[in-house]
Amino acid sequence: MKEISVGLIGCGTVGTGVAKILLEKQPLISSRTGLAIRLKRIADIDTKRDRGLAIPAGVMTADAGAVIGDPDIDIIVELVGGVTIARDLMLRAIDSGKHIVTANKALLSAHGDRIFPLAAEKGVDIAYEASVGGCMPIIRTIRESLVADRIDSIRGILNGTCNYILTKITEEHCPFAVALKEAQEKGFAEADPTLDIDGLDTAHKLAILNTIGFGMTIRLEDIYVEGIRAITPLDIEFAEAFGYRIKLLAISKQTDDGVEARIHPTMIPRGNLLSDVAGSLNAVEVSGDCVGDMILYGRGAGMMPTASAVVSDIVDLARNIAAGIRQRVPALSYRPEAIRPLPVLPMDNLVTRYYFRFTATDRPGVLSKIAGILGNHHISIQSVHQKGQDTGGQVPLVMLSHLAREKDVKQALAEIVQLDIVTDQPVLIRIEDTGGH
């Protein structure tokens, strides 16, 4: 039985899960692959922590360089995280001719334009299934299963922290801060949740999906990103009343003029499968010209789901090594020479439907003034809802628009906020459905 040796760099939560699978499930993996995939070395700065594993003597080291430099190791698994030390280690490993498995979406989206060309030059493979969607095989699905499809759109709930928070607010009508605190207590959110709740983690993932879906250069900076901090129980209550749920949605669409790439809180019609994705679960909907719409759904994070995706990549590369094959599938789905810069459409050009919530003084003429300004900017109102007066003499006034252009919406809101009858910043949430014509 051919032996394939693996070096693991970074043995935190996910790394421990990978080690657990490779050490404890070797008979199962061998029975499916005909290979002996051996975890030869583990590098981590903390070599003493009890990880609940029977790690063989001599496997653990604090020296990542010794793992990269081991001539017997075929595959390096990078699970350090971050974009500095991890980048340097990965580039060294590639330069040494090692195949790479990683879950590091931040690194790939920030430095992929350097990492992937070097791997192609050195003739090594990079596998990164766990970087997007945890255990959902979205990378493999687009790269291999949909190889004959023109990908028209990708829409996804790609951050379990945000989805847990929004689910909590929806089900229990609690404030954002309370939902966030519970997410942190349950381990669904970091002590510093900025990357998650401000949409940046989702942006890293969407940058990768854009590249493999559309054959475009990785351009993280062109993605419009808006987080969920401003979402309130009141907005979720209104959304429910109108037949929608609010999700942090990553959206990419390929058009004749370029690519839409945006992340923001989005109202999705109840009945759409994405609207029913609850808790910390993730889901991605891909639309192709041959297959139509398809959805993948599952755990987007966590020790064992993510470790499962990492090990699937290890096995995939091990099979290639055993067969003497390199770069059987292009790392970014398209051949390197076919990847090209595609224009990313400015957010101002977006045409969609909108939810507006205004906090206004409760007196005659308020509705007509606001509606008049919206009309002057070519924004037609589909429905209006006004809730009862509060103790301060102010009322929330909610409107849903027909299709409108983002630039016109911004100009209208800038004018409306100057009115003395409007007492707070308007709330805007985009609507993603096929209605409103």
| Karplus (6.51, -1.76, 1.60) ³J(HN,Hα), θ = phi - 60°, over the range 361-374, in Hz, Gly and Pro reported as x | 5, 7, 8, x, x, 5, 4, 5, 5, 5, 5, x, 5, 4
| Shape call for the range 177-252 from the C-alpha gyration tensor, a ≥ b ≥ c root eigenvalues: rounded (a/c under 1.5), prolate (a/b greater than b/c) or oblate? | oblate
| request: Determine the dipole magnitude for the chain: charges of +1 sit on the beta-carbon of Lys and Arg, -1 on that of Asp and Glu, nothing else is charged, the reference point is the Cα centre, and the result goes in debye to the nearest 20. | output: 820
| request: Please name which of Phe176, Ile236, Thr161 has its Cα lying farthest along the dipole of the range 161-240 towards the positive end, using unit charges on Cβ (Lys, Arg +1; Asp, Glu -1) and the Cα centre as origin. | output: Thr161
| task | State the percent of C-alpha pairs, over all pairs in the range 1-114, separated by a distance greater than 24 angstrom. | result | 23
| field | Sequence-separation-based contact order of the range 291-437, relative, with Cα cut under 8 Å and 6+ spacing, percent | value | 28
| task | Take the alpha carbon atoms of the range 51-128, find their center, do the same for the range 256-271, and report the distance between the two centers in whole angstrom. | result | 34
| Å³ per residue enclosed by the Cα convex hull of the chain | 150
| Positive-end residue of Ile9, Ile421, Leu22, charge dipole of the chain with Cβ unit charges | Leu22
| remark: Answer in debye to the nearest 20: the dipole magnitude of the range 100-183 about its Cα centre, from +1 Lys/Arg and -1 Asp/Glu charges placed on Cβ, is 140
| field | Sequence-distant residues sharing a close amide H with Val259 (under 5 Å, placed H) | value | Val344, Leu345
| said: Can you classify the range 137-288 as rounded, prolate or oblate using the Cα gyration tensor, where a ≥ b ≥ c are the square roots of its eigenvalues, rounded means a/c under 1.5, and otherwise it's prolate if a/b beats b/c and oblate if not? | reply: prolate
| Sparsely packed trypsin sites (Lys or Arg not before Pro) within the range 97-155, loop by DSSP, other Cβ within 10 Å at most 16 | Arg150
| task | Scan around Leu350 for amide H atoms under 5 Å from its own, H built in the peptide plane at 1.01 Å from N, and keep only partners 5 or more places away or cross-chain. | result | Glu406, Lys407
| field | Stokes-Einstein diffusion coefficient of the range 329-437, Kirkwood radius over Cα pairs, 37 °C, 0.692 mPa s, in µm²/s | value | 207
| task | Over the range 86-213, calculate the relative contact order: mean separation of alpha carbon pairs under 8 Å at least 6 apart, over the residue count, as a percent. | result | 26
| field | Carbon/sulfur fraction of accessible area - the range 105-257, other protein chains in place, 1.4 Å, % | value | 50
| task | Go through the range 157-240 and name the GluC sites (Glu not before Pro) that are in a DSSP coil and have 16 or fewer other Cβ atoms within 10 Å of their Cβ. | result | Glu190
| said: For a test of the definition: using alpha carbon positions, the gyration tensor, and the 1.5 limit on a/c, classify the range 59-176 as rounded, prolate or oblate. | reply: oblate
| said: Which lysines, if any, have their Cα less than 17 Å from the Cα of Lys20, not counting same-chain residues under 8 positions apart? | reply: Lys40, Lys48
| Cα-based Rg of the range 222-371 normalised by 2.2 N^0.38 Å, two decimals | 1.44
| note | Rg from C-alpha atoms of the range 98-142, normalised by the globular rule of thumb 2.2 N^0.38 Å, equals 1.15
| query | Cα-based count: Lys pairs in the range 107-248 below 27 Å, eight or more positions apart or different chains? | reply | 10
| query | Counting only DSSP beta bridges with both residues in the chain, what percent are antiparallel, rounded to the nearest 5? | reply | 65
| said: Mean-square fluctuation check for the chain, GNM, Cα pairs under 10 Å: which of Gly160, Gly227, Gly133 is largest? | reply: Gly227
| Which is farthest toward the positive dipole end of the chain among Gly34, His377, Pro343, measuring Cα position about the Cα centre, with Cβ charges +1 (Lys, Arg) and -1 (Asp, Glu)? | Gly34
| task | Could you state the accessible area per residue of the chain in Å², with a 1.4 Å probe and every protein chain left in place? | result | 42
| task | Net charge near Gly10: determine it from the other residues with C-beta under 11 Å of the C-beta of Gly10, scoring Lys and Arg +1 and Asp and Glu -1. | result | -3
| task | Find the centroid of the Cα atoms in the range 324-367 and in the range 188-204, then give the distance between the two in whole Å. | result | 18
| request: Quick one: compute the contact order of the chain, relative version, from alpha carbon pairs under 8 angstrom and 6+ residues apart, as a percent. | output: 16
| note | For the range 273-358, the percent of accessible surface on carbon and sulfur atoms (probe 1.4 angstrom, ligands and nucleic acids excluded) is 56
| request: Give the Rg/Rh ratio for the range 291-364, taking Rg as the radius of gyration of the Cα atoms and Rh as the Kirkwood radius, to two decimals. | output: 1.24
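The values are calculated or read from the model by the stated rules, or taken from the named source; none is laboratory data. Since the structure is predicted, the reported quantities are computational estimates derived from the model, not experimental observations. For neighbour counting, all protein chains shown are included, and Cβ atoms are generated from backbone atoms with ideal geometry for every residue, glycine included. The protein model used for the area step is the full one, side chains on, heavy atoms only, and it has no ligands, DNA or RNA in it. Shrake-Rupley method; radii C 1.70, N 1.55, O 1.52, S 1.80 Å.
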